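*Asks:* Dumping the structure here so I can ask a few things about it.
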Amino acid sequence: MTVTEEFVEIQTPTGPMRSLVSRPSVGGKYPGLVLYSEIFQITGPIRRTAAFLASNGYVVATPEIYHELEPAGTVLAYDQAGADKGNANKIGKPVTGYDSDARAALDYLLSRPDCTGRLGVMGICIGGHLAFRAAMNPDVLATACFYATDIHKGSLGQELQDGSLGRAGEIRGELLHIWGRQDPHVPLEGRVRIHAALEEAGVNFQWIEVNGQHAFLRDEGPRYDPVLARLCFGFVLEMFHRRLGTGGATPAESAGISNH
């Protein structure tokens, strides 16, 4: 399906959160997804990921995760300066702000007449950690985390310990973790710690490790692995289709659509 895009402002307790909304161009009702970006916010690769998800039958909201710290529309470059700024912002925002943002984005999707009310989340890098925390909301049915940083260290936000791993038992939906074994940001001991905590908490989760580096999903730069990206997107879509169901155009909206 082709996709339409628009930017909206979602109101949060810490101010307006500019967000990209991507959805199928054919009218109808679709499950809702929150997509969390890397530390660089809504870059070209993130925008294309949102479009890909939307084209598979979802209404996708991609928020600017540093909306309190950066002017609306800020996109950090994929260079050292951008990484330094993004990492500084990561710990410059309280965890409570990330959590209230998640609830606001989910509520926004629920308020849309084109959303079925069935919700999922996906995140990449820091976004994987934010997706992990968003999954603690009881109405999130499925969550995909790509090489989620800092969960094993508890180092998200201003707090000395963000408590994410200790709250794993609050996740009620299905969780999918995908990791690159050559990712230095989440080494083996970190992955083992996360896996053990999920097992102990009784979370319904899938765990996939591939031979890939950090950012192997990003379709820009030397670490991109198109074959792994395609394979892993398959796992993500399988879970979302199975747990969130499908949407689509109503008969009236579909009338007159040509196959030519």
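No value in this document is a laboratory result; all are computed from the given coordinates. Remember, it's a predicted structure, so these values are computed and weren't measured experimentally. Cβ atoms come from the backbone with ideal geometry, glycine included; neighbour counts cover every protein chain shown.
*Asks:* Taking the stretch 160-180, which residues are in a helix (DSSP H, G or I) and either of a type in the set (Lys, Arg) or closer than 24 Å to residue 235 by Cα (or both)?
*Replies:* Of everything in the stretch 160-180, those that are in a helix (DSSP H, G or I) and either of a type in the set (Lys, Arg) or closer than 24 Å to residue 235 by Cα (or both) turn out to be 165, 167, 168, 169, 170.
*Asks:* Hey, another quick one. Quick check on my filter: what residues within the stretch 144-184 are more than 18 Å from residue 89 (Cβ to Cβ), touching a Gly at 6+ places or on another chain (Cβ under 6 Å) and not small (Gly, Ala, Ser)?
*Replies:* Across the stretch 144-184, the qualifying residues are 145, 146, 147, 152, 161.
*Asks:* I would also like to ask the following. Looking at 56, 87 in this structure, which one is in contact (Cβ under 8 Å) with a residue 12 or more places away in the chain and under 14 Å from residue 127 (Cα atoms)?
*Replies:* Numbers: 56 fails: under 14 Å from residue 127 (Cα atoms).
One residue alone meets the criteria, 87.
*Asks:* Going residue by residue through the stretch 167-188, is there one that turns out to be surrounded by 16 or more Cβ atoms within 10 Å (Cβ to Cβ), closer than 22 Å to residue 14 by Cβ and not β-branched (Val, Ile, Thr)?
*Replies:* Applying the first criterion (surrounded by 16 or more Cβ atoms within 10 Å (Cβ to Cβ)) to the stretch 167-188 yields 168, 171, 173-180, 183, 185-186.
Subset that is closer than 22 Å to residue 14 by Cβ: none.
Among the residues of the stretch 167-188, not one is surrounded by 16 or more Cβ atoms within 10 Å (Cβ to Cβ), closer than 22 Å to residue 14 by Cβ and not β-branched (Val, Ile, Thr), which makes the answer no.
*Asks:* To continue, here is another question. Give the stretch 65-87 a look and list any residue that's in a helix (DSSP H, G or I) and either touching a His at 6+ places or on another chain (Cβ under 8 Å) or surrounded by 13 or more Cβ atoms within 10 Å (Cβ to Cβ) (or both), or say none.
*Replies:* 82, 83, 85, 86, 87
*Asks:* Name the one entry in 62, 43, 4, 14 that is touching a Lys or Arg at 6+ places or on another chain (Cβ under 9 Å) and surrounded by 23 or more Cβ atoms within 10 Å (Cβ to Cβ). Before you say what the answer is, go through the steps one by one.
*Replies:* Details: 43 fails: surrounded by 23 or more Cβ atoms within 10 Å (Cβ to Cβ); 4 fails: surrounded by 23 or more Cβ atoms within 10 Å (Cβ to Cβ); 14 fails: surrounded by 23 or more Cβ atoms within 10 Å (Cβ to Cβ).
When all the criteria are applied, what remains is 62.
*Asks:* Report, by residue number, each residue of the stretch 88-134 that is in a helix (DSSP H, G or I), over 21 Å from residue 147 (Cα atoms) and β-branched (Val, Ile, Thr).
*Replies:* 96
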